[in-house]
Structures are given as C-alpha cells and as structure tokens.
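Trainee: One structure follows; several queries about it will come next.
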Amino acid sequence: MNPDDMRGLFNEALAGADPVPASSTDDIVTAGRRRVLRRRAAIGTGAVAGLAALAAAVAIPMGLAGGAAPIDTAGPGTREEEAEAPDVNTCEAPADQSDEQLAIAAIYDQALETAMTAIGASLGGYCGEGEPEYGGFSFDAEAGGYRYEAFAIFSDSGEHAILRVEVLEPNENPGAERMEGLAGCGGADVECTWDEPEDTEPLLLVEETRTVVVDAEENPEGDQVPVQAALLELDDRVIVHVELEEALRTGTLSTTPQQLADIARAIPVGQEASETEEDGIESYTLPDDAALAEALVDGIAEQFPGATVPPATEVEFAGQEQTEAYEEGYRYGNDNTRIAYADATVNEQQVRFFLQVTPLESPGDGGASQGPAEHYANCDYFECDYSQLNDSTGLVHRTSVDVRPGPTSIEHRAADGWVVGVGAESLGTTEPPSIGFEALDKIVNAIR
C-alpha cells in the first residue's frame, strides 16, 4: 500500500469522529508503572473495511474494548496490546461536567488545537464504547484532573501519532516523584531528562521506545514505537503531561520533547473565567497590559535563546494617536488597535517586535471566518495568508513588503472577543528581519 493510500484510509477512518480523553495514569504512580487504556475508533460503517485494511497494512493499534488495561510484560516502556474491530459510536459529553468544568475544558481545547496547528498538526478523534467519552478535554474525578486523547496528523512529514494530554491536580505525592512515575522513568527503553532552567517550572523530557503488539499471532514480538513526552509542574503543583506516540509503526517521529513542552505551556491552566450577566455563560477574561507585555518578552526570549530583550516593565502600549501615526498616510490603529514595542537583539540583528491587540465589537458572536480576520489584520495594505485554526479562531500570516518590511502572525479569536498579533521588523535597515512565522505563531499562541 503506498503512502497516499495509507493517508486516505487513515483520514477516512477519522472522518466525523471527535477526540476523547486518555485514561488516567496517576492512580498507578505509587506502583511505579504506567498503563494507557486504548479505545476503539468510532467510525461510520463505510469506513470499517478501510480501517481494517489499514490496520493490517501498517499495524495501527485500534485499542482494547472498555474496561481492560493493556498487559505490561517488561515494566514501564513495554506494552503488549491486541486490536479489536472498531464499533460505530458517537462522542457524548459526560453528564457530570459542571458549567465551570465545561468552560475550562473549552479553553483548554482551543489552546491545544492552536498549539498543535502551530507545529503543523491537525487533530482527529475517536471514541470508546461503554464509557462516557467526550470529544475534547473533560474533567475526570478519579484521575484528579482534565484528560484528552486524539490522533495528530502532520501533513508536511506524513507522520501520524496519538496525542494524549493530562492536566492533573496536586496530590500527596512529591512533584518530581509523581512526574517520573507518570513518565515511566527507570523502565526499559525510557530516557528521562530533567530540565530546570532558572526561574521556570520543573520540566521532565521523555524519549521512549515502546513495544506494541497489535496481532499476537502474526507478529508476537510487536513493533518498536517511538514515544515522546513532556511533563511540566506549575507553581501550584498542577502537572501538565503531554505525550505523542507514533501511530503508523514507521519507527520515526520528527517532533521533539521540547516541542511538547511548548504545547504543555500553551494550555492556560488556572485561567479564570467570568460569568456574563446576560446568560450566565462563562467567558474569557482578557489579560491586562502588564500580562501582555510579560507574555511578549517571555515569548521572544523562549523562541530566540540568547536574544537580548528588554524587561517587561519597559514595554508600554502606545496611545491611539501614536498608533494611528505609525506611518505617514497610513492609519495603523483602526478598530481601536493598540500597539506595544519591544526592541531586541536576535542573532546579532536589531529587531523591533510589536504586539498588537484589538477588541472585537461583538465578542462571542459566531465563529471565525476569513473576512473578519483579514479585516482586523488590515489585509488591504499587506500580503496575507489565512488559515482556519478551529471554529472560533482564524490565523493570518501577514507580510509587509513596502511599509516596514517584515512578518506578522495574527489570531482572530472570535469566541474570546479579541485579536492579537506579534510582528517583527528590522531596525536600522530596510531589509526584513530573518524571523519566521513559526516562531511568531508560538509567541502569539502563548499570549492568553
């Protein structure tokens, strides 16, 4: 089967399904072992034959039926699993989710999808049978936090992976011990590395080779599957656990644990939601100027190690008159856009980064679409490339050629009620800076 046929069958199998959360792993930390419960794919009847052919060709683990955990025969890092035929099912929200939990889950969903899109992945889900599955993050009281599981497809490399995310509340176990237990550190073929840079949260990076047996009769030794993970302990002892397991059994996974650490940081844990007076729906609270300035400076420093950046306290938003006079004859500050600047030295280049923030007139009305997104990005003046990140978020890559040349990444966040963008231009020269959209996307995504 050629790669195009594989991709077609995989996409057909995923069509119409929604993500589900991964099983909790924290309940077996004290035993020093980790098991991840696999679930059947929920697909339409027309795709069953295609998925069966794909599973036979590339050994995708479609998982065990609800209830039984996979067998660990050699400790953490080794899995033996048997696939079962997928059943038709639908994803339904758990009945026990409170309004607050649903609101938090929605925020996490959006942040995760945006962060995964920034590294070139699209998400597709599957549902299990016999359990209250949910197409997105959901709170699991037994696990002690929020869980998520989905397929991730990387269009550029053609790689397919299983993405699992957990946001776990503190418990009686020390953070380091808990994280190492979740990661299976100390097991066969599991390499764990602590990364504790000064003034940041403890971070555990994991690279693992996992043995997965899909068909015990035809391939009893199973396949060696690369797995990567990042575990982040926040100031309040909450742990964010992000894991990618390669799904097509090719033995390659071109992402890095550090990228998964960026995904973990992008999930806005602890973000407060406020209640609107009109309908009692919990809504997003916009960050204040100090938080925006700090996010901009931190984002530049993270994406460009070694860069010289100003302290956040020196980053101030210009007034409306100044933004409107950004360039003679060009009204930059329409729609009450405000701009803040941070001058930095990146790879010996003098670069001016700018953060632009625009409140939407009707926050939460409808979803994101190309027209409004390009309007708020001022695409009448620039070259623009639009992409839809999810139902409520659009991304514009804006390139200035004649007026202060350089790139700008702009997210139109319809549900949250604002537009936020980060751009870069050179200082002292008319040439554009050597700054790419990928780095700007990550900075924008981290501004919440």
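The values are calculated or read from the model by the stated rules, or taken from the named source; none is laboratory data. Given the structure is predicted, the values throughout are model-derived calculations rather than measurements. Note that each Cβ is placed from the backbone with ideal geometry, even for glycine, and that neighbours are counted across all protein chains shown. Heads up: the accessible areas ignore ligands, DNA and RNA and are worked out on the full protein's heavy atoms, side chains in. Shrake-Rupley method; radii C 1.70, N 1.55, O 1.52, S 1.80 Å.
Trainee: Being assigned to a strand (DSSP E or B), open to solvent by 10 Å² or more (accessible area, probe 1.4 Å) and more than 21 Å from ALA118 (Cβ to Cβ) is the filter here, so list the residues in the stretch 147-169 that pass it.
Mentor: Result: ARG147, single match.
Trainee: Further question on the same structure: Just give me the residues in the stretch 399-420 being in a strand (DSSP E or B) and either closer than 17 Å to ARG338 by Cα or modelled with pLDDT under 85 (or both), in sequence order.
Mentor: The answer is THR408, SER409, ILE410, GLU411, HIS412, ARG413, TRP418, VAL419, VAL420.
Trainee: Now for a different question. With the structure loaded, tell me whether ALA377 is touching a helix residue (DSSP H, G or I) at 6+ places or on another chain (Cβ under 8 Å) and among the aliphatic types (A, V, I, L, M) or whether it fails that test.
Mentor: no
Residue by residue, here is whether (1) within 22 Å of ALA161 (Cα to Cα); (2) at pLDDT 90 or above; (3) touching a helix residue (DSSP H, G or I) at 6+ places or on another chain (Cβ under 9 Å); (4) of a type outside the set (Ser, Thr, Tyr) holds:
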position: GLY175; (1), (2), (3), (4): no, no, no, yes
position: ARG178; (1), (2), (3), (4): no, yes, yes, yes
position: GLY181; (1), (2), (3), (4): no, yes, yes, yes
position: ASP199; (1), (2), (3), (4): no, no, no, yes
position: GLU217; (1), (2), (3), (4): no, no, no, yes
position: VAL227; (1), (2), (3), (4): yes, yes, no, yes
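Trainee: Oh, and also: Inspect the stretch 368-385 for any residue being touching a Pro at 6+ places or on another chain (Cβ under 7 Å), over 28 Å from GLY136 (Cα atoms) and either open to solvent by less than 40 Å² (accessible area, probe 1.4 Å) or modelled with pLDDT under 90 (or both) and give the result as yes or no.
Mentor: No: the stretch 368-385 contains no residue that is touching a Pro at 6+ places or on another chain (Cβ under 7 Å), over 28 Å from GLY136 (Cα atoms) and either open to solvent by less than 40 Å² (accessible area, probe 1.4 Å) or modelled with pLDDT under 90 (or both).
Trainee: Looking at PRO174, PRO170, can you tell me which residue is touching a Lys or Arg at 6+ places or on another chain (Cβ under 7 Å) and not acidic (Asp, Glu)?
Mentor: When all the criteria are applied, what remains is PRO170.
Trainee: Being more than 17 Å from PRO359 (Cα to Cα), open to solvent by 40 Å² or more (accessible area, probe 1.4 Å) and either among the charged types (D, E, K, R) or in contact (Cβ under 8 Å) with a residue 40 or more places away in the chain (or both) is the requirement here; does ARG448 meet it?
Mentor: no
Trainee: With the structure loaded, tell me whether ASP416 is crowded, with 18+ Cβ neighbours inside 10 Å, within 21 Å of the chain's Cα centre (by Cα) and closer than 17 Å to ALA295 by Cα or whether it fails that test.
Mentor: no
Trainee: Of the numbered conditions (1) modelled with pLDDT under 85; (2) farther than 30 Å from ASP236 by Cα; (3) open to solvent by 30 Å² or more (accessible area, probe 1.4 Å), SER122 fails exactly one; give the number of that condition.
Mentor: (1)
Trainee: So, one more: Restricting to the stretch 180-208, and then to whatever is of a type in the set (Val, Ile, Thr) and surrounded by fewer than 16 Cβ atoms within 10 Å (Cβ to Cβ), can you tell me which residue is nearest to ILE263 (Cα to Cα)?
Mentor: THR200
Trainee: Tell me the residue from LEU427, LEU355, LEU389, LEU360 that is over 24 Å from VAL315 (Cα atoms) and among the aliphatic types (A, V, I, L, M), please.
Mentor: The conditions single out LEU389.
Trainee: Report whether or not ILE435 is open to solvent by less than 40 Å² (accessible area, probe 1.4 Å), within 18 Å of the chain's Cα centre (by Cα), among the β-branched types (Val, Ile, Thr) and modelled with pLDDT of 90 or more.
Mentor: Criteria not met by ILE435.
Trainee: Would you kindly identify the helices (runs of 4 or more DSSP H) lying entirely within the stretch 238-346 that contain at least 1 residues that are modelled with pLDDT of 60 or more and surrounded by 20 or more Cβ atoms within 10 Å (Cβ to Cβ)?
Mentor: Here the list reads 257-266, 289-303.
Trainee: Cβ-Cβ under 7 Å, sequence separation 6+ or interchain: first residue in the stretch 238-257 and in contact (Cβ under 8 Å) with a residue 12 or more places away in the chain, partner among the basic types (Lys, Arg) and not in a loop (DSSP other than H, G, I, E, B). Which pairs?
Mentor: Pairs that qualify, where the first residue is in contact (Cβ under 8 Å) with a residue 12 or more places away in the chain and the partner is among the basic types (Lys, Arg) and not in a loop (DSSP other than H, G, I, E, B), are ILE239/ARG178; GLU243/ARG164; GLU245/ARG210.
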